[in-house]
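First the structure, in the form of structure tokens, and then the observations on it.
The values are calculated or read from the model by the stated rules, or taken from the named source; none is laboratory data. Predicted model, so just to flag it, every value in this text is computed and none were measured. Using ideal geometry, Cβ is built from the backbone for each residue, glycine included, and neighbour counts are taken over all protein chains shown.
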């Protein structure tokens, strides 16, 4: 099979799985997950083959794998859609395939496959556990998810969206994949739809990302208007880019390229949960944990960053846009990190950390540090998927404890209810530790260190000192809250009975953790700078490979001790300080960083509620409904009703009744009746009288005829 | 030879007697008798016109015979009706048989 054919086929298995499960196999849990995981495996296999073949091509950047077909007739020409695998796509495809496959596998265990049906489980609620009778005494075990097949159908569709987005060679199909993911995000966040909080979170996520998507669509429309094409390869030619960079857009002095870039970037702000559209991501933790891992760490939010990276040649044309990108990224990085410090929900900490890390990538892009952004995108996808799946494993273990004690008031996601889990869940602990250290940028061994270090090096070398300091602070906070999380969750002694009875999760959940842990460490090694610490190592493979995507290869930055030392200090310092602060903290009350401002996420939800939701509700409820609809529209309609009725009664009283009824109706009847009443006198029934009449009339007519005809 | 007009005057007189009988008699049988007179006056006319016209054309005579036949049948039906009415209403007075009025 040729490589391009294979690329066309990569997104297909998951969508086929979606339709198969929805239409045919949704009654069989086993068949559904087999189809879904099998489809993920096929896509993974295709992606790996494409990736390996891509490695073998000398100048993949100049001659990528591409194939397109005529799709939509646009006047005299065709809008072509197709697939494209250049070094960037290949690298992204690699991590998407791995994380998607791991998450599919993990979901089997997470949704308790093989466990009995729950005692009182309902569709739309997370499973509550089932009572089993074993050796004469009863105990409660986790129960299987009631909508097991549905979950696999949704994540199948989701994977289709992600693969479509990645292999697209044009912005339109990229946007299609983007929106499919938006839909799946909505469906999966609201997966337990009987919970009001999950419903609200689903709507919030959908609405918030929609704000970004509208701008992105505007950007796509403007780009198509300006260039007549949406294909990446056709846009990223010197001539087109030069035109875009020189044509003014007429908006605040932006060039066309700058405005298009800005609009597309707003789409990314929504999708990748950057400030100020970050509010949906933490709430999205209402969904099942594999969804959190998949959507909100590994793929969907990465798709936002991927879109900007993909459009980098265009966006980088306008320095003003780049400044906005860099500012948003750096601000989000520090802003989200401060919120993460004060969160108690294990998944919410990770959610804010995701926002913060995505900020790192966006900031890197804003500083023209293209490769560093891609590198961090990939390492982050691995270790954040690992962390999320790890947190899911922790929650699962805690839920086991909750079922054991039967105390359902204990929140299995609150870190202050945990503690000492390292002994109960060793695999989860060690893999989570690896993920956490990667997130913190623990020196030399972890992938996060190398990618973050590259961002620092780029920031420092290119003179973005403010961003450098901001990101360093954010990295310090990252290490701090990561260690806080690890300390509260795994170290010390169990703080509740539930934590005491937590249990390690099954192999379907731990295997993905182990595999992802390997990447969380190993993937960093592909991007070690050549002259690291003055040594002469192998050339930086990642730099060479991904750098080939751009027309001008980015220069390798000379080694400098300052960013390296900064990176070391903030990572190790943050980790140590986190451990020092939280090793003896036993309850939320003792945590001195529970500042209301941070705890309540700078009151952004409240502010948005006041600024947007309340006015929108007022507009809908009072203005549109009460005033416009009931007052104005209904008022006009209420005039029409009586007016028509009045006109009708006038016509009735002055025309219908007197003229039609009285004159024509009753009048003709009266005349006929009267004539009849008079004429009936001659109907005597006496035959001789009739004959007499006949005779008289005969004589009269005869006389008349005689009189007239004679002449 | 008696002139034609005498026959015609006689027939007209007979027809008028018959018509008077029909219009003035109350008894249904008498009315029927009147009708017979009128029919026979016509027969006289037919026979007279045949004799004073072309004798070889027999139409007048034939027509008179057809009128006899029709008159006989009519009297048979008429008398049967009178008997039937008498049985039901116990009268043969034409004025009293007035069920057809409004």
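Listed residues A:597, A:611; which is loosely packed, with under 12 Cβ neighbours inside 10 Å, in contact with a helix residue (DSSP H, G or I) (Cβ under 8 Å, 6 or more places away or on another chain) and without any contact (Cβ under 8 Å) to a residue 40 or more places away in the chain? Step through it out loud before you land on a result.
Details: A:611 fails: in contact with a helix residue (DSSP H, G or I) (Cβ under 8 Å, 6 or more places away or on another chain).
Just a single option satisfies the conditions, and that option is A:597.
Touching a helix residue (DSSP H, G or I) at 6+ places or on another chain (Cβ under 9 Å), part of a helix (DSSP H, G or I), without any contact (Cβ under 8 Å) to a residue 12 or more places away in the chain and surrounded by 12 or more Cβ atoms within 10 Å (Cβ to Cβ): which single residue out of B:71, B:30, B:48 fits that description? Steps first, please.
Values: B:71 fails: without any contact (Cβ under 8 Å) to a residue 12 or more places away in the chain; B:48 fails: without any contact (Cβ under 8 Å) to a residue 12 or more places away in the chain.
That would be B:30, the only listed residue that is touching a helix residue (DSSP H, G or I) at 6+ places or on another chain (Cβ under 9 Å), part of a helix (DSSP H, G or I), without any contact (Cβ under 8 Å) to a residue 12 or more places away in the chain and surrounded by 12 or more Cβ atoms within 10 Å (Cβ to Cβ).
Filter region A:218-233 down to the residues that are in a helix (DSSP H, G or I) and either surrounded by 15 or more Cβ atoms within 10 Å (Cβ to Cβ) or at pLDDT below 85 (or both) and list them by number. Show your work before the answer.
To start, the set of residues in region A:218-233 that are in a helix (DSSP H, G or I) comprises A:218-227, A:232-233.
Result: A:218, A:219, A:220, A:222, A:223, A:224, A:226, A:227, A:232, A:233.
Identify all residues within region B:1-27 that are within 14 Å of chain A (Cβ to nearest Cβ) and surrounded by 18 or more Cβ atoms within 10 Å (Cβ to Cβ); write none if there are none.
Residues satisfying the conditions are B:15, B:18, B:21, B:22.
Taking region A:65-94 only, how many residues are in contact (Cβ under 8 Å) with a residue 40 or more places away in the chain and within 18 Å of residue A:163 (Cβ to Cβ)?
Matching residues across region A:65-94 total 18.
Please give the number of the condition residue A:574 fails out of (1) touching a helix residue (DSSP H, G or I) at 6+ places or on another chain (Cβ under 6 Å); (2) touching a residue at least 40 places away in the same chain (Cβ under 8 Å); (3) surrounded by fewer than 19 Cβ atoms within 10 Å (Cβ to Cβ).
For residue A:574, the failing item is (3).
Could you pull out the residue among A:251, A:191, A:275 that is at pLDDT below 85, under 29 Å from residue A:603 (Cβ atoms) and not in a helix (DSSP H, G or I)? Let's see the steps before the verdict.
On the way: A:251 fails: under 29 Å from residue A:603 (Cβ atoms); A:191 fails: at pLDDT below 85.
When all the criteria are applied, what remains is A:275.
Out of (1) surrounded by 24 or more Cβ atoms within 10 Å (Cβ to Cβ); (2) assigned to a helix (DSSP H, G or I), what's the single condition that is false for residue A:83?
That leaves (2) as the condition not met.
Scan region A:445-492 for residues that are out of contact with any helix residue (DSSP H, G or I) (no Cβ under 7 Å at 6 or more places or on another chain) and part of a helix (DSSP H, G or I) and jot them down.
A:461, A:465, A:466, A:469
From the list A:416, A:432, A:437, exactly one residue is assigned to a helix (DSSP H, G or I), over 23 Å from the mean Cα position of the chain (by Cα) and surrounded by fewer than 22 Cβ atoms within 10 Å (Cβ to Cβ). Which is it?
On the way: A:432 fails: surrounded by fewer than 22 Cβ atoms within 10 Å (Cβ to Cβ); A:437 fails: surrounded by fewer than 22 Cβ atoms within 10 Å (Cβ to Cβ).
When all the criteria are applied, what remains is A:416.
Using the structure shown, decide if residue A:690 is within 14 Å of another protein chain (Cβ to nearest Cβ) and either more than 60 Å from the chain's Cα centre (by Cα) or surrounded by 11 or more Cβ atoms within 10 Å (Cβ to Cβ) (or both).
Details: within 14 Å of another protein chain (Cβ to nearest Cβ): yes; either more than 60 Å from the chain's Cα centre (by Cα) or surrounded by 11 or more Cβ atoms within 10 Å (Cβ to Cβ) (or both): yes.
Criteria met by residue A:690.
Quick one: would you say residue B:76 is without any contact (Cβ under 8 Å) to a residue 12 or more places away in the chain and more than 12 Å from chain A (Cβ to nearest Cβ)?
Working: without any contact (Cβ under 8 Å) to a residue 12 or more places away in the chain: yes; more than 12 Å from chain A (Cβ to nearest Cβ): yes.
Spelling it out, residue B:76 is indeed without any contact (Cβ under 8 Å) to a residue 12 or more places away in the chain and more than 12 Å from chain A (Cβ to nearest Cβ).
Looking at region B:84-102, which of its residues are more than 10 Å from every other protein chain (Cβ to nearest Cβ), part of a helix (DSSP H, G or I) and either surrounded by 12 or more Cβ atoms within 10 Å (Cβ to Cβ) or in contact (Cβ under 8 Å) with a residue 60 or more places away in the chain (or both)?
Within region B:84-102, B:85, B:86, B:89 meet the criteria.
More than 14 Å from chain A (Cβ to nearest Cβ), within 15 Å of residue B:4 (Cβ to Cβ) and touching a helix residue (DSSP H, G or I) at 6+ places or on another chain (Cβ under 6 Å) - does that describe any residue in region B:53-67?
Quick first cut of region B:53-67, residues more than 14 Å from chain A (Cβ to nearest Cβ) only: B:53-67.
Next, only the ones that are within 15 Å of residue B:4 (Cβ to Cβ) stay: B:53-55, B:60.
So of that shortlist, the ones also touching a helix residue (DSSP H, G or I) at 6+ places or on another chain (Cβ under 6 Å) come out as B:60.
Looking for residues that are more than 14 Å from chain A (Cβ to nearest Cβ), within 15 Å of residue B:4 (Cβ to Cβ) and touching a helix residue (DSSP H, G or I) at 6+ places or on another chain (Cβ under 6 Å), one finds at least one in region B:53-67, hence yes.
Yes or no: residue A:265 outside any loop (DSSP other than H, G, I, E, B) and assigned by TED's automatic domain parsing to the domain that holds residue A:297?
Working: outside any loop (DSSP other than H, G, I, E, B): yes; assigned by TED's automatic domain parsing to the domain that holds residue A:297: yes.
In short, yes.
Only one of these conditions is not met by residue A:386: (1) surrounded by fewer than 24 Cβ atoms within 10 Å (Cβ to Cβ); (2) under 30 Å from residue A:532 (Cα atoms); (3) within 27 Å of the chain's Cα centre (by Cα). Which number is it?
(1)
Taking the condition of being surrounded by 13 or more Cβ atoms within 10 Å (Cβ to Cβ) and within 20 Å of residue A:508 (Cα to Cα), how many residues in region A:115-147 meet it?
12
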